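Novice: Below you'll find the structure I mean.
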Amino acid sequence: MLVTGKQILEHADQNGYAVGAFNVNNMEIIQAIAEAAGDLKAPVILQASQGAIKYAGIEYITGLVKTTAELVDVPMALHLDHGTDFDEIMKCIRNGFTSVMIDASKHELEENIRLTKEIVRIAHSVGVSVEAELGKIGGTEDHIVVSEAEATYTDPEEARIFVEETGVDSLAIAVGTAHGVYKGEPKVDIERIKEIDRVVPVPLVLHGSSGVPYDTLESAVKAGIRKINIDTDIRASFAGAVKEFVEANPGEIDPRKILKPARARMADTVKEKIKVFGSDGKAWK
Ligand code: G3H
Ligand code: ZN
């Protein structure tokens, strides 16, 4: 069942858990997420970045996700991750995405508000939900590169003003996580999440969540995080399983045999995350 991002996150907010938002690039990743969400009866967000759309083609992404939403009986949203380009965001809205992210976080507050507000106005007029970002999350996610020195935490008072002025449905905040593989253990500012949650009425989103210790993620959920983005850990499961298989079977050329163990490992990874986020068993009819 395909639903909006807002519907999914409101349910999470009312019931005190976080929804897993998993990045998709190809059929096997989508199938792995579908299997995990279906088996655990978990609402889930399938998100595609601009890079994923460029790689797979928007028709394939939307076609695969819409088919999945018909086959698997859990609430699902199709979300654009880190939309930085106005035309790309419009393309997703026209093609049936039920949620989009406008990431104007590299701009100053005023310009971020202006750009976000414009997307909210258009998206809401056709029932599509909007996530925005305030503060700068470090690391690399597709075309977005933020160095350690550039990364800045989200200010709670700015977040309150930002949400009030833009009318966004959810807010991605910078609280110490980073995109990609961590060098050391990430230090997540749980108190800051609590402070932001106190003054911001919409669900909060944690990016760069791969590699974050599970007890930290659990504390983040308790503090008010309602959407947790995972990309790198899925990639690592995929690549690890493919490498192992090819090393053990150097003569194998059948893509089905090469990709099957990778799909199974990704499904296990997604299941593990869903249980940590507390979204298992939370699917509604
Ligand atoms: O937008 C996507 C996420 O923030 C992914 O972060 O690569 O650390 O899992 P990750
Ligand atoms: Zn992200």
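Novice: Does residue 159 satisfy the condition of being away from ligand 2 (no atom under 16 Å from the Cβ), part of a loop (DSSP other than H, G, I, E, B) and not β-branched (Val, Ile, Thr)? Give the derivation first.
Specialist: Details: away from ligand 2 (no atom under 16 Å from the Cβ): yes; part of a loop (DSSP other than H, G, I, E, B): no; not β-branched (Val, Ile, Thr): yes.
No; evaluated as a whole, the condition is false for this residue.
Novice: A further question on this structure: What do you reckon, is residue 215 more than 23 Å from residue 98 (Cα to Cα), more than 16 Å from ligand 1 (Cβ to nearest atom) and surrounded by 18 or more Cβ atoms within 10 Å (Cβ to Cβ)?
Specialist: On the way: more than 23 Å from residue 98 (Cα to Cα): yes; more than 16 Å from ligand 1 (Cβ to nearest atom): yes; surrounded by 18 or more Cβ atoms within 10 Å (Cβ to Cβ): no.
Judged against the criteria, residue 215 is not a match.
Novice: For region 243-251, does any single residue satisfy the condition of being of a type in the set (A, V, I, L, M), away from ligand 2 (no atom under 16 Å from the Cβ) and at negative phi? If you could, list the steps in order and put the result at the bottom.
Specialist: Of all residues in region 243-251, those of a type in the set (A, V, I, L, M) come to 246, 248.
Applying the additional criterion that residues be away from ligand 2 (no atom under 16 Å from the Cβ) yields 246, 248.
Narrowing further to those that are at negative phi: 246, 248.
Checking region 243-251: at least one residue is of a type in the set (A, V, I, L, M), away from ligand 2 (no atom under 16 Å from the Cβ) and at negative phi.
Novice: Go over the candidates 239, 283, 267 one by one and state the one that is more than 16 Å from ligand 2 (Cβ to nearest atom) and either surrounded by 21 or more Cβ atoms within 10 Å (Cβ to Cβ) or closer than 30 Å to residue 135 by Cα (or both). Walk me through it before giving the result.
Specialist: Details: 239 fails: either surrounded by 21 or more Cβ atoms within 10 Å (Cβ to Cβ) or closer than 30 Å to residue 135 by Cα (or both); 283 fails: either surrounded by 21 or more Cβ atoms within 10 Å (Cβ to Cβ) or closer than 30 Å to residue 135 by Cα (or both).
The conditions single out 267.
Novice: When the residues of region 125-152 are filtered to those that are out of contact with any strand residue (DSSP E or B) (no Cβ under 7 Å at 6 or more places or on another chain), farther than 15 Å from residue 179 by Cβ and not β-branched (Val, Ile, Thr), which remaining residue is modelled with the lowest pLDDT?
Specialist: Filtering first and then ranking leaves 149.
Novice: Going by the conditions given, is residue 221 of a type in the set (A, V, I, L, M, F, W, C), touching an Asp or Glu at 6+ places or on another chain (Cβ under 9 Å) and away from ligand 2 (no atom under 16 Å from the Cβ)?
Specialist: Criteria not met by residue 221.
Novice: Let me ask something else about it. I'd like to check something: does region 131-148 contain any residue that is in contact (Cβ under 8 Å) with a residue 12 or more places away in the chain, of a type in the set (Lys, Arg) and open to solvent by 20 Å² or more (accessible area, probe 1.4 Å)?
Specialist: Taking every residue of region 131-148 in turn, at least one turns out to be in contact (Cβ under 8 Å) with a residue 12 or more places away in the chain, of a type in the set (Lys, Arg) and open to solvent by 20 Å² or more (accessible area, probe 1.4 Å).
Novice: Where in region 163-261 are there helices (runs of 4 or more DSSP H), lying wholly inside it, with at least 2 residues that are without any contact (Cβ under 8 Å) to a residue 40 or more places away in the chain and closer than 21 Å to residue 113 by Cβ? So that I can check it myself, show each step before the final result.
Specialist: Working: elements: 190-199, 214-223, 232-248.
Where helices (runs of 4 or more DSSP H) fall fully within region 163-261 and carry at least 2 residues being without any contact (Cβ under 8 Å) to a residue 40 or more places away in the chain and closer than 21 Å to residue 113 by Cβ, they are 190-199.
Novice: Does residue 16 fit the bill of being without any contact (Cβ under 8 Å) to a residue 60 or more places away in the chain, small (Gly, Ala, Ser) and over 25 Å from residue 180 (Cβ atoms)?
Specialist: Working: without any contact (Cβ under 8 Å) to a residue 60 or more places away in the chain: no; small (Gly, Ala, Ser): yes; over 25 Å from residue 180 (Cβ atoms): yes.
When the stated conditions are applied, residue 16 does not pass them.
Novice: Being under 25 Å from residue 165 (Cα atoms) and within 16 Å of ligand 2 (Cβ to nearest atom) narrows it down to one of 108, 88, 10, so name that one.
Specialist: Working: 108 fails: within 16 Å of ligand 2 (Cβ to nearest atom); 10 fails: within 16 Å of ligand 2 (Cβ to nearest atom).
Sole residue among the options that is under 25 Å from residue 165 (Cα atoms) and within 16 Å of ligand 2 (Cβ to nearest atom): 88.
Novice: Considering each residue of region 244-285, count those that are touching a strand residue (DSSP E or B) at 6+ places or on another chain (Cβ under 7 Å) and among the charged types (D, E, K, R), and give that number.
Specialist: The initial filter retains those residues of region 244-285 that are touching a strand residue (DSSP E or B) at 6+ places or on another chain (Cβ under 7 Å), namely 270, 273-274, 277, 279.
With the extra rule that they be among the charged types (D, E, K, R), the set shrinks to 273.
Within region 244-285, residues that are touching a strand residue (DSSP E or B) at 6+ places or on another chain (Cβ under 7 Å) and among the charged types (D, E, K, R) number 1.
Novice: Taking region 174-207 on its own, how many of its residues are closer than 24 Å to residue 145 by Cα, buried (at least 24 other Cβ atoms within 10 Å of the Cβ) and out of contact with any Gly (no Cβ under 6 Å at 6 or more places or on another chain)?
Specialist: 4
Novice: Does any residue of region 129-143 turn out to be at positive phi and of a type in the set (D, E, K, R)? Give the derivation first.
Specialist: Narrowing region 129-143 to residues at positive phi: 135, 139, 142.
Adding the requirement that they be of a type in the set (D, E, K, R) leaves 142.
Yes: one or more hits.
The values are calculated or read from the model by the stated rules, or taken from the named source; none is laboratory data. What you see is a predicted model; the values in this text were computed from it and never measured. Here the Cβ is made from the backbone with ideal geometry for all residues, glycine too, and neighbour counts use every protein chain on show. What goes into the accessible areas is simple: the full protein's heavy atoms, side chains included, and nothing from ligands, DNA or RNA. Shrake-Rupley method; radii C 1.70, N 1.55, O 1.52, S 1.80 Å.
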